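The values are calculated or read from the model by the stated rules, or taken from the named source; none is laboratory data. Treat the numbers as computed from the prediction; the structure is a model and nothing was measured. Here the Cβ positions follow ideal geometry from the backbone for every residue, glycine too, while neighbour counts run over all protein chains shown. The accessibility values were calculated without ligands, DNA or RNA, using every heavy atom of the protein model including side chains. Shrake-Rupley method; radii C 1.70, N 1.55, O 1.52, S 1.80 Å.
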Amino acid sequence: MPFWNKKSQNQLSELSKTVESELQQLKVTCPKCKKVYSGKEAFEHLYICPECGKYMPIGAKERLVMILDEGSFEPWFEDVLTGNPLDTAGYESKIVTIQQKSGCSEAVTIGRGRIAGHETVIGVCDPNFMMGSMGQAMGERITRAFEKATRLKLPVILFCCSGGARMQEGIISLMQMEKTSAAVKLHSDAGLFYCSVLTDPTMGGVTASFSTLADVILAEPQARIGFAGPRVIQQTIGATLPQGFQTAEFQLEHGFVDRLVERKNLRNELHYLLYAHPVRSKDWFRLRTSVPVPKHELDAESIELMNRHDKTPWDKVKMCRSGERATATDYIMRIFKDFREMHGDRYFGDDQALVGGIAFLGATPVTIIADLRGKSFEERVRRNFGMPKPEGYRKAIRLMKQAEKFRRPVISFINTSGAFCGIDAEERGQGQAIAQSIMEMSMLKTPTLSILIGEGGSGGALATAVGNEVWMLEHSTYAILSPEGYSAILWKTEGKAEEAAAVMKITAQDLAELGVIDRIIPEFGGATEVTAQKISTIMSKAISDLIKKYENMTGEEIVADRYSRFRKF
């Protein structure tokens with residue numbers, strides 16, 4: 001075993017010259033003991049407070065200097081900048097201010113560099129840029145990083161720090177979770193190494209996508225890591241969280257982190273990992289540019305429904321939440337024959353909030369996955385009000401992989417306010433389960449169709465919504481989070497939920513216009529048991545047509561079609 005190269009304090013002092021001008025003007029305050037340091041002092045102590053030992057946030061530039069061989073960094077994708085897909089008021093000026101203050105053009109800095117002579121693609125999320133929140137530019141940079149690393153046959157190292165998805169970009173921000181996850185999968189299928197380093201904090205959509213899909217996951221001590229934020233969890237379940245909840249130590253104890261590494265040892269640890277995972281030749285799946293992928297265009301009926309605005313977005317939110325709304329069971333029993341439910345995730349349990357099994361559409365066997373909220377109060381409690389836990393998503397993964405093996409189309413019915421946020425969900429890896437489901441579904445070599453029949457809540461809905469086509473019932477919704485949550489985060493009150501619903505662009509009509517969905521299914525006034533048969537008749541014919549559309553395509557062509565669908569966001 002070779003000597004693992006370490007940078008001494010002297011070396012760090014020499015390297016600090018590359019950021020010296022910025023450090024001279026910088027004052028750093030320890031968030032725990034409030035002691036103030038000069039930028040140079042903080043840098044020389046690796047942004048660890050000498051007084052109390054608190055790990056302080058590190059900017060992207062400083063992190064790169066600490067980790068990489070001096071002068072080896074080559075920045076990529078600096079021209080990929082944030083847009084304003086929802087025309088959020090004041091957002092563009094806010095980005096300009098943050099760019100000037102942080103010295104970064106976006107929340108992640110990407111490029112190529114060397115660690116003790118080992119070439120790697122490296123990315124660093126900057127906590128000073130909107131807390132590392134993921135919007136379309138960040139997702140695009142990370143996706144391009146994996147794509148370019150795959151072409152160049154290079155490993156990838158990502159330092160992750162994020163508060164989650166970027167609220168101002170709404171559903172387009174959410175789409176970055178699928179895009180980055182699929183790019184990670186292609187890189188992995190090429191036999192290439194990926195290491196993520198989780199720093200404080202790594203939360204939300206970043207946890208539920210690229211950050212937890214690595215071959216090796218490292219974490220800095222005491223880093224906060226989780227899917228839902230602790231305040232959200234406390235408000236949801238009304239309980240005091242245990243000491244050390246959602247820390248890196250907590251995640252290590254529950255099996256979701258490979259190693260805790262002190263900051264002073266990170267470069268050494270990454271050198272070891274790059275040495276232990278050399279690039280090897282391996283046959284892998286390549287997208288074929290000659291594949292005649294199907295066009296994703298709205299049909300005439302969907303265009304007509306897209307222009308129908310007889311109900312407000314808030315009306316539709318209330319319709320989706322109504323106990324009278326038809327459930328997945330109402331459609332399954334009318335569209336398919338002989339549905340046989342399959343139970344269990346083979347890891348922990350059988351989640352009743354997300355069910356799955358095998359049925360027939362005519363003579364064609366299909367795999368069905370569905371969120372179920374229940375109808376009676378007792379059933380709703382048993383089904384956790386349609387909010388899946390990790391074992392639900394892992395059950396979905398198992399059934400989807402089984403469908404791929406036997407070339408059965410996968411049809412998912414989505415109606416959930418979101419993944420369950422609670423202590424037991426975090427203990428069992430809610431973010432990682434969602435990320436794994438997104439990644440596996442994105443690469444299934446069998447047709448996938450996702451139909452939103454009620455609420456489509458955040459990453460919990462996206463976990464089973466990675467379809468070759470994505471459809472929505474006329475009055476269903478699909479959102480980055482609830483209107484109440486959006487209002488609370490951006491406007492500091494839940495009282496503007498109705499106003500939030502209007503600006504979030506969460507209806508089928510909005511999402512058809514944004515290109516997020518491919519078809520709108522009419523509800524004939526509202527999706528209830530009374531109209532379920534009419535809706536099912538339309539869906540049955542449309543599903544049959546979709547299966548025929550893909551029946552002569554190879555598995556690789558089906559994956560290419562799905563990847564290109566989400567790659568556009």
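Filter region 338-378 for residues that are farther than 20 Å from Ser450 by Cβ, of a type in the set (D, E, K, R) and free of Cβ contacts under 8 Å to residues at least 24 places away in the same chain and give the result. Result: Asp338, Arg340, Glu378.
Out of Gly349, Gly454, one residue alone is over 19 Å from the mean Cα position of the chain (by Cα) and assigned to a strand (DSSP E or B). It is Gly454. Taking region 1-54 as the range and being modelled with pLDDT of 75 or more, surrounded by 15 or more Cβ atoms within 10 Å (Cβ to Cβ) and part of a loop (DSSP other than H, G, I, E, B) as the test, the residues that pass are Leu26, Cys30, His45, Leu46, Tyr47, Cys49, Lys54. Of everything in region 367-379 that is touching a helix residue (DSSP H, G or I) at 6+ places or on another chain (Cβ under 8 Å) and either within 15 Å of Ala433 (Cα to Cα) or of a type outside the set (Gly, Ala, Ser) (or both), the residue that is surrounded by the most Cβ atoms within 10 Å (Cβ to Cβ) is Asp371.
Okay, residues lined up against (1) more than 16 Å from Pro294 (Cβ to Cβ); (2) in contact with a His (Cβ under 6 Å, 6 or more places away or on another chain); (3) at pLDDT 95 or above:
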site: Thr448; (1), (2), (3): no, no, yes
site: Leu462; (1), (2), (3): yes, no, yes
site: Glu469; (1), (2), (3): no, no, yes
site: Glu484; (1), (2), (3): yes, no, no
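What do you reckon, is Glu440 in contact (Cβ under 8 Å) with a residue 12 or more places away in the chain, part of a helix (DSSP H, G or I) and over 29 Å from Ile217 (Cα atoms)? Criteria not met by Glu440. Entry remark, region 119-133: residues being touching a helix residue (DSSP H, G or I) at 6+ places or on another chain (Cβ under 9 Å) and surrounded by fewer than 19 Cβ atoms within 10 Å (Cβ to Cβ) number 2 in total.
In region 194-216, the residue that is nearest to Lys153 (Cα to Cα) out of those that are open to solvent by less than 10 Å² (accessible area, probe 1.4 Å) and aliphatic (A, V, I, L, M) is Val197.
Would you be able to tell me the number of residues in region 320-346 that are open to solvent by 40 Å² or more (accessible area, probe 1.4 Å), in contact with a strand residue (DSSP E or B) (Cβ under 8 Å, 6 or more places away or on another chain) and not in a loop (DSSP other than H, G, I, E, B)?
Result for region 320-346: 9.
Which is crowded, with 24+ Cβ neighbours inside 10 Å and out of contact with any Leu (no Cβ under 7 Å at 6 or more places or on another chain), of Gly386, Gly431, Gly422, Gly392? Residue meeting the stated conditions: Gly431. Checking each residue in region 385-428 for being within 23 Å of Val366 (Cα to Cα), touching a helix residue (DSSP H, G or I) at 6+ places or on another chain (Cβ under 7 Å) and small (Gly, Ala, Ser) picks out only Ala396.
Return the residues of region 457-471 that are within 25 Å of Arg407 (Cα to Cα) and in a strand (DSSP E or B); say none if nothing qualifies. If the condition is that a residue be within 25 Å of Arg407 (Cα to Cα) and in a strand (DSSP E or B), then Glu469, Val470, Trp471 are the ones that fit.
Among the residues of region 512-551, those identified as surrounded by fewer than 20 Cβ atoms within 10 Å (Cβ to Cβ) and assigned to a loop (DSSP other than H, G, I, E, B) are Gly515, Pro522, Phe524, Gly525, Gly526, Glu529, Val530, Thr531, Glu551. Does Ala532 count as within 30 Å of Pro85 (Cβ to Cβ) and not acidic (Asp, Glu)? So Ala532 does not fit the description; no.
Could you list, in sequence order, all residues of region 400-419 that are over 30 Å from Ala239 (Cβ atoms) and crowded, with 22+ Cβ neighbours inside 10 Å?
Met400, Ala403, Pro409, Val410, Ile411, Ser412, Phe413
Within region 134-169, the set of residues being closer than 21 Å to Tyr486 by Cα and either open to solvent by 10 Å² or more (accessible area, probe 1.4 Å) or basic (Lys, Arg) (or both) comprises Gln136, Gly163, Ala165, Arg166, Met167, Gln168.
Any chance region 175-193 includes a residue that's under 22 Å from Gln436 (Cβ atoms), aromatic (Phe, Trp, Tyr) and open to solvent by less than 10 Å² (accessible area, probe 1.4 Å)? Scanning region 175-193 turns up no residue that is under 22 Å from Gln436 (Cβ atoms), aromatic (Phe, Trp, Tyr) and open to solvent by less than 10 Å² (accessible area, probe 1.4 Å).
Quick one: how many residues across region 220-232 are under 19 Å from the mean Cα position of the chain (by Cα) and either aliphatic (A, V, I, L, M) or open to solvent by less than 10 Å² (accessible area, probe 1.4 Å) (or both)?
Here the count works out to 4.
Here Arg151, Arg224, Arg141 are screened, and the one residue that is touching a Gly at 6+ places or on another chain (Cβ under 9 Å) and of a type in the set (D, E, K, R) is Arg141.
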